[in-house]
Amino acid sequence: MRIRAARARIIATAVVLASLPALIGTPAAAAQDSSVRLDFLGARELPNAMAFQGTTVGGLSAISYDARTGTYYVISDDRSQTGPARFYTAHVEFADGTLKGVALTGTHPWLRPDGTTFPPTSTATSTVAPDPEGIAVDPRDGTLAWTSEGERIVPSDGPALLGDPWIRRATTTGTYTGQVPLPPQLHMNSQEFGPRKNQTLEGVTFTPDGRRIVTAMEDPLYQDGDDPTPEHGALTRITVHDARTGQPLVQYAYPLEPLFATPPAGSTDTNGVSDIVALDHDRFLVLERASIYSDNNWKARIYLVDLHGATDVLGRDSLTDPSAQRVQPVRKTLVTDLSDVPGLPRVDNVEGITLGPRLPDGRRTVVLVSDDNFAARQVTQFLAFAAHRI
């Protein structure tokens, strides 16, 4: 069986990971990129547990800008627990080269194909709520794509509760209009093959021409190796889909950085991709985020990623199989480490990134948002930068 073979490959992965930088030909830490520079324009926070149009604002996990209307779309990762799974619209104001303000302007629930809202996850009824993580505006018509990380509950003494991750299409009011097919390796499995729980489709973007939908996995599939640790990074996957048909076209390995600090014993904290935004057909800004959650210690970095020359791994079960063809990952270059930004008051759980409008001087704005996990010790934070040469 393929599952049994995959397990054998996973056993070999421990050896492969020890030589990961040599295998992929990529340094453990990317060099600073001088061709893209981000100037900090300011930060704004929303009140904790803010009430808005019958919802509790929190869990903001991705952001996308519609250049035609000037509207920002922000997704919440609430799994229909404080309210229906939903997204918000927002207005972001720039003036005199600074971020002046952020205001929510509306909210809509995501709707199922039958037009109803999503109920919470329930093992008793085998109900799986979406885990909304990524959102993107189609530049051609202003409609939306959004991702869910799915669910994987595998008890030792009962049946598994599985829900596939997905990429869905919707109107700007949340009405379901379709679903994008996934490569088979990304479907959820009760065996240790496929995505890990809560580590799947974290980011989604359209290329500027609207012809491609590009998604990023947060962390490795089981068969692609262990999650990042303080000692080593890992390989996860970026997938490019045809926006018209939805079909996967190509897929690439993305090299994750090691975890930036040593987590407490027994912790599952790790580092992963939290969002992606396209600059053109082959270049992207990728947001990596790491946490030591018990210490409320967050770190986020923005990388410039280029797909040129990377190996197409679409259809490949394992990225770290030592008997398979060598994998050349995408090229990545560090643009900004948020911990090093002068004037930034704090770095929280930054999860979303988008390109905003151009400023009068021609620089392109870049807007980030943080996920407060509905926790009082965290913040819902909007950060803005101005980018040179984008």
| query | Only one residue in Thr215, Thr236, Thr205 is assigned to a strand (DSSP E or B) and free of Cβ contacts under 8 Å to residues at least 40 places away in the same chain, so which one is that? | reply | Thr236
| request: Kindly provide the set of residues from the stretch 179-232 that are open to solvent by 10 Å² or more (accessible area, probe 1.4 Å), under 17 Å from the mean Cα position of the chain (by Cα) and within 19 Å of Ser267 (Cβ to Cβ), ordered by number. | output: Arg196, Lys197, Asn198, Gln199, Glu218, Asp227
| Test set (1) of a type in the set (A, V, I, L, M); (2) under 13 Å from Gly163 (Cβ atoms); (3) more than 24 Å from the chain's Cα centre (by Cα) - Ala124 fails condition number | (2)
| said: Out of the residues in the stretch 353-390 meeting the condition of being among the small types (Gly, Ala, Ser) and open to solvent by 10 Å² or more (accessible area, probe 1.4 Å), tell me which one is farthest from the chain's Cα centre (by Cα). | reply: Gly362
| field | Number of positions in the stretch 340-350 that are open to solvent by 10 Å² or more (accessible area, probe 1.4 Å) and either closer than 23 Å to Ala216 by Cα or in a strand (DSSP E or B) (or both) | value | 1
| task | Could you list all residues from the stretch 80-93 that are open to solvent by 40 Å² or more (accessible area, probe 1.4 Å) and either outside any strand (DSSP E or B) or touching a residue at least 24 places away in the same chain (Cβ under 8 Å) (or both)? | result | Gln81, Thr82, Pro84
| So Ala300 clears everything in (1) open to solvent by less than 20 Å² (accessible area, probe 1.4 Å); (2) assigned to a loop (DSSP other than H, G, I, E, B) except one condition, right? Which one? | (2)
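Go through the residues of the stretch 265-286 one by one and say whether even a single one is over 19 Å from Thr354 (Cβ atoms), touching a strand residue (DSSP E or B) at 6+ places or on another chain (Cβ under 6 Å) and open to solvent by 20 Å² or more (accessible area, probe 1.4 Å).
Yes, there is a match, as at least one residue in the stretch 265-286 is over 19 Å from Thr354 (Cβ atoms), touching a strand residue (DSSP E or B) at 6+ places or on another chain (Cβ under 6 Å) and open to solvent by 20 Å² or more (accessible area, probe 1.4 Å).
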| field | So Pro360, is it without any contact (Cβ under 8 Å) to a residue 24 or more places away in the chain and farther than 22 Å from Ser76 by Cα | value | yes
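The values are calculated or read from the model by the stated rules, or taken from the named source; none is laboratory data. Computed from a predicted model, the values in this text were never measured in an experiment. Cβ: placed from backbone, ideal geometry, glycine included. Neighbour counts: every protein chain shown. Note: areas computed on protein heavy atoms with side chains; ligands, DNA, RNA excluded. Shrake-Rupley method; radii C 1.70, N 1.55, O 1.52, S 1.80 Å.
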